[in-house]
Amino acid sequence: MKIGVLAIQGSVKEHKAALAACGAEVLEVRVPDDLTRVAALVIPGGESTTIRKLMKLTGLDKALADRIRGGMPVYGTCAGAILLEDFMDIEVERNAYGRQMDSFEAEIKIFKGKSFNAIFIRAPKILKTSKGVEILAKYGKEVIMCRQGNILVSSFHPELTSDLRVHKYFLKMIDGQVPSEKC
Amino acid sequence: MAKKKNTPLLKKGLAQMLKGGVIMDVVDPEQAKIAEDAGAVAVMALERVPSDIRKDGGVARMSDPKMIKGIMKAVTIPVMAKVRIGHFVEAQILEALGVDYIDESEVLTPADEEAHVYKGDFKVPFVCGATSLGEALRRISEGAAMIRTKGEAGTGNVVEAVRHWKKITRELEALTKMKADGLKKAAKEMRVPLDLVKSVAKEGELPVVNFAAGGIATPADAAMMMQLGCDGVFVGSGIFKSSDPAKRGKAIVEAVMHYNDPAKIAAISEGLGEAMDSLEIKDLETKYADRGV
């Protein structure tokens, strides 16, 4: 089973390294054909406007939409979360924390109250989540990681740390070991 | 829950998000919009593109803050802006404006012949040019969070960017094979801390993202720099001094994404119109790459 990383631009190398460190077989996904070879996909951090435009040019946006609606597990970080907003009952605002000098790191609680160094870079905010969405982490009152069925998003970048817990969670999600509580 | 801001990880992190992308020089909000629509991952605000600086002569300085603010308003992608080498007050001004990245650039007229800006003191991250590993590591030890080749800006001639990048990679490779004595000597020669040299030798790569810059004018130039191992490209005069900036900008963006697919690059390169006016390196009055080593 191969896990794809959307390789249009952004933190592709970092996600590939994290998934490989978890023991996964990883494939870069650039064109629709690549998508047929993977069982799940990670959408990295980057510039969501650029990624969206380039996906359209090859028809990858449509191919991906079909796969997501067909139940393929997908995880989006930062820009990835923005791109996945359309498939979830959430509302995301781009660059909502501000510009680069407002980027921040913070110790957050994740997976049963354990701490995690979350890195937010010109990050989006997850403003609203509806009932079907399982909230997995918060920073203060703000939702920063959540899941709806086969879709996982975080506004922070676990791929920029050596902490593999979020990637491991995603891999377990693919295997069906962590069923969504809300579904 | 305490927030930490402006850490080295965050400064370097933004550059990591720009990888695989194209950063375009723009001189006004209209150009910035065109760049964003073409798929740029960031724009570089400056008062004149390098080829015009070459033509017009005179002292090239940081841009008018009003223009930079206009560009920051016009687009949602990160905005970078240039300061003269060593001009720490221009850097303070750009930080006050809240730009996302500062390029301490040899394209502008240097303000200090002895020293670069001490970038570690700033909240805003910096990118700097380099022609060799020593230069790259000196900039990193001053606090640069991203490196680019200097190339030779404003020429539309990629040869210097290729030269600088190959030199950096060759020197990196040599470093990985050195023993303790050699590393000590290399650190001394490059005038950088031994710890930095040791960690770079161990990793076999620079500790920050490195882009290609200086002379990139075509999709093929951009893809070539990517195939040589750069993380992304800056395009200066190459886009807005060509006959069809929107089309060429988009083509270069696509070429960087599909850099390993010659058939795609061929299709992308069709009918782009005229590239920018170009220059031979030997005919230049001033080589920008010699500034601030």
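The values are calculated or read from the model by the stated rules, or taken from the named source; none is laboratory data. The structure displayed is predicted, hence computed values, not measured ones. Reconstructed Cβ throughout: ideal geometry from the backbone, glycine too, with neighbour counts over all protein chains shown. SASA here: full protein model, heavy atoms, side chains in, ligands and nucleic acids out. Shrake-Rupley method; radii C 1.70, N 1.55, O 1.52, S 1.80 Å.
Given the residues B:Ala115, B:Ala111, B:Ala136, which is the only one that is open to solvent by less than 10 Å² (accessible area, probe 1.4 Å) and closer than 30 Å to B:Leu196 by Cα?
Going through B:Ala115, B:Ala111, B:Ala136 in turn, the sole match is B:Ala136.
Select from region A:93-134 the residues that are open to solvent by 50 Å² or more (accessible area, probe 1.4 Å) and under 17 Å from B:Tyr101 (Cα atoms) and list them in ascending order.
The answer is A:Arg99, A:Asp102.
For region A:18-43, which positions are within 15 Å of A:Tyr75 (Cβ to Cβ) and touching a residue at least 40 places away in the same chain (Cβ under 8 Å)?
Selection gives A:Ala18, A:Leu19, A:Cys22, A:Ala24, A:Ala39, A:Ala40, A:Val42, A:Ile43.
Return the total of residues in region A:143-156 being more than 20 Å from A:Met1 (Cβ to Cβ) and not in a strand (DSSP E or B).
Number satisfying all stated conditions: 2.
Can you name the residue in region B:224-245 that is over 19 Å from B:Gly154 (Cα atoms) and among the hydrophobic types (A, V, I, L, M, F, W, C) and is also most open to solvent (accessible area, probe 1.4 Å) among such residues? Steps first, please.
At the first step, the residues of region B:224-245 found to be over 19 Å from B:Gly154 (Cα atoms) are B:226-231.
Imposing the further condition that a residue be among the hydrophobic types (A, V, I, L, M, F, W, C) reduces the set to B:226, B:228, B:230.
Values: B:Met226: 16, B:Leu228: 62, B:Cys230: 8 Å².
Per the criteria, the residue is B:Leu228.
Looking at region A:1-34, which of its residues are in contact with an Asp or Glu (Cβ under 9 Å, 6 or more places away or on another chain), away from chain B (no Cβ under 12 Å) and open to solvent by less than 40 Å² (accessible area, probe 1.4 Å)?
A:Ile3, A:Gly4, A:Ala18, A:Leu19
Go through (1) closer than 30 Å to B:Ala96 by Cα; (2) within 13 Å of the chain's Cα centre (by Cα) for A:Thr49 and report which single condition fails.
Of the numbered conditions (1) closer than 30 Å to B:Ala96 by Cα; (2) within 13 Å of the chain's Cα centre (by Cα), the odd one out for A:Thr49 is (2).
Which count do you get for residues in region A:62-91 that are within 14 Å of chain B (Cβ to nearest Cβ) and over 15 Å from A:Ser154 (Cβ atoms)?
Matching residues across region A:62-91 total 0.
So which residues in region A:95-124 are more than 14 Å from chain B (Cβ to nearest Cβ) and of a type in the set (Lys, Arg)?
Kept after step one, since they are more than 14 Å from chain B (Cβ to nearest Cβ), are these residues of region A:95-124: A:111-112, A:114.
The answer is A:Lys112, A:Lys114.
If I filter region A:40-48 for residues that are assigned to a helix (DSSP H, G or I), among the hydroxyl-bearing types (Ser, Thr, Tyr) and either crowded, with 24+ Cβ neighbours inside 10 Å or at the interface with another protein chain (Cβ under 9 Å from one of its Cβ atoms) (or both), do I get at least one hit?
Step one: of region A:40-48, the residues assigned to a helix (DSSP H, G or I) are A:48.
Narrowing further to those that are among the hydroxyl-bearing types (Ser, Thr, Tyr): A:48.
Now drop any that are not either crowded, with 24+ Cβ neighbours inside 10 Å or at the interface with another protein chain (Cβ under 9 Å from one of its Cβ atoms) (or both), which leaves A:48.
Within region A:40-48 (the criterion being assigned to a helix (DSSP H, G or I), among the hydroxyl-bearing types (Ser, Thr, Tyr) and either crowded, with 24+ Cβ neighbours inside 10 Å or at the interface with another protein chain (Cβ under 9 Å from one of its Cβ atoms) (or both)), the answer is yes, since at least one residue qualifies.
Inside region B:231-263, can you point out the residues that are without any contact (Cβ under 8 Å) to a residue 12 or more places away in the chain and touching a Lys or Arg at 6+ places or on another chain (Cβ under 6 Å)? Working first, answer last.
Step one: list which residues in region B:231-263 are without any contact (Cβ under 8 Å) to a residue 12 or more places away in the chain, which gives B:261-263.
Residues satisfying the conditions do not exist here.
Among the residues in region A:157-165, are any open to solvent by less than 20 Å² (accessible area, probe 1.4 Å), touching a residue at least 60 places away in the same chain (Cβ under 8 Å), in a loop (DSSP other than H, G, I, E, B) and out of contact with any Pro (no Cβ under 9 Å at 6 or more places or on another chain)? Step through it out loud before you land on a result.
Initial filter on region A:157-165 (open to solvent by less than 20 Å² (accessible area, probe 1.4 Å)): A:157-159.
With touching a residue at least 60 places away in the same chain (Cβ under 8 Å) added as a condition, the list becomes A:157-159.
Next cut, in a loop (DSSP other than H, G, I, E, B) only: A:157.
Now drop any that are not out of contact with any Pro (no Cβ under 9 Å at 6 or more places or on another chain), which leaves none.
Within region A:157-165, none of the residues are open to solvent by less than 20 Å² (accessible area, probe 1.4 Å), touching a residue at least 60 places away in the same chain (Cβ under 8 Å), in a loop (DSSP other than H, G, I, E, B) and out of contact with any Pro (no Cβ under 9 Å at 6 or more places or on another chain).
Would you mind telling me which numbered condition in (1) part of a helix (DSSP H, G or I); (2) over 15 Å from A:Glu159 (Cβ atoms) A:Gly23 fails?
Result: A:Gly23 fails condition (1) only.
Please go through region B:1-16 and pick out each residue that is open to solvent by less than 10 Å² (accessible area, probe 1.4 Å) and facing chain A (nearest Cβ under 7 Å).
Correct list: B:Leu10, B:Gly13, B:Leu14.
Out of region B:16-34, which residues are farther than 12 Å from B:Ala74 by Cα and in a helix (DSSP H, G or I)?
Result: B:Gln16, B:Met17, B:Leu18.
Which residues, taken from region B:77-108, are out of contact with any strand residue (DSSP E or B) (no Cβ under 7 Å at 6 or more places or on another chain) and surrounded by fewer than 24 Cβ atoms within 10 Å (Cβ to Cβ)? Working first, answer last.
Keep residues of region B:77-108 that are out of contact with any strand residue (DSSP E or B) (no Cβ under 7 Å at 6 or more places or on another chain), which gives B:84, B:86-89, B:92-93, B:95-98.
Selection gives B:Gly86, B:His87, B:Phe88, B:Val89, B:Gln92, B:Ile93, B:Glu95, B:Ala96, B:Leu97, B:Gly98.
Examine region B:87-110 for a residue that is within 16 Å of the chain's Cα centre (by Cα), of a type in the set (Val, Ile, Thr), part of a loop (DSSP other than H, G, I, E, B) and more than 29 Å from B:Leu284 (Cα to Cα), and state whether such a residue exists.
yes
Please determine, by comparing only the residues of region B:35-76 that are in a helix (DSSP H, G or I), of a type outside the set (Lys, Arg) and open to solvent by 70 Å² or more (accessible area, probe 1.4 Å), which one is farthest from the other protein chains (Cβ to nearest Cβ). Walk me through it before giving the result.
Going residue by residue through region B:35-76, those that are in a helix (DSSP H, G or I) are B:35-38, B:50-56, B:65-74.
Of the ones still in play, those that are also of a type outside the set (Lys, Arg) are B:35-38, B:50-53, B:56, B:65, B:67-68, B:70-72, B:74.
Keeping just the survivors that are open to solvent by 70 Å² or more (accessible area, probe 1.4 Å) gives B:37, B:56.
Working: B:Asp37: 8, B:Asp56: 31 Å.
Of everything passing the filter in region B:35-76, B:Asp56 is farthest from the other protein chains (Cβ to nearest Cβ).
Could you please let me know if B:Thr131 is in contact with a helix residue (DSSP H, G or I) (Cβ under 8 Å, 6 or more places away or on another chain) and open to solvent by 10 Å² or more (accessible area, probe 1.4 Å)? Before the answer, list the steps.
Numbers: in contact with a helix residue (DSSP H, G or I) (Cβ under 8 Å, 6 or more places away or on another chain): yes; open to solvent by 10 Å² or more (accessible area, probe 1.4 Å): yes.
So B:Thr131 fits the description; yes.
If you check every pair at least six apart or on different chains, which have Cβ atoms under 9 Å apart with a residue in region B:10-24 that is touching a residue at least 12 places away in the same chain (Cβ under 8 Å) and closer than 14 Å to B:Ala144 by Cβ first and a residue that is open to solvent by less than 10 Å² (accessible area, probe 1.4 Å) and among the aromatic types (Phe, Trp, Tyr) second?
Correct list of pairs: B:Lys11/B:Tyr101; B:Lys11/B:Phe126; B:Leu14/B:Tyr101; B:Ala15/B:Tyr101; B:Ala15/B:Phe211.
Would you pick out the residues in region B:175-223 that are of a type in the set (D, E, K, R), under 27 Å from A:Glu14 (Cα atoms) and open to solvent by 30 Å² or more (accessible area, probe 1.4 Å)? It would help to see each step written out before you state the result.
Here is the first cut: in region B:175-223, the ones of a type in the set (D, E, K, R) are B:177, B:179, B:181, B:184-185, B:188-189, B:191, B:195, B:198, B:202-203, B:205, B:221.
This time we only want the ones that are under 27 Å from A:Glu14 (Cα atoms), so: B:177, B:195, B:198, B:202-203, B:205, B:221.
Scanning region B:175-223 gives B:Lys177, B:Asp195, B:Lys198, B:Lys202, B:Glu203, B:Glu205.
Hey, any hits in region A:145-166 for a residue that's facing chain B (nearest Cβ under 10 Å) and of a type in the set (Phe, Trp, Tyr)?
Taking every residue of region A:145-166 in turn, none turns out to be facing chain B (nearest Cβ under 10 Å) and of a type in the set (Phe, Trp, Tyr).
If you take the residues of region B:3-42 that are touching a Phe, Trp or Tyr at 6+ places or on another chain (Cβ under 8 Å) and among the small types (Gly, Ala, Ser), which of them is farthest from A:Phe104 (Cα to Cα)?
B:Ala42
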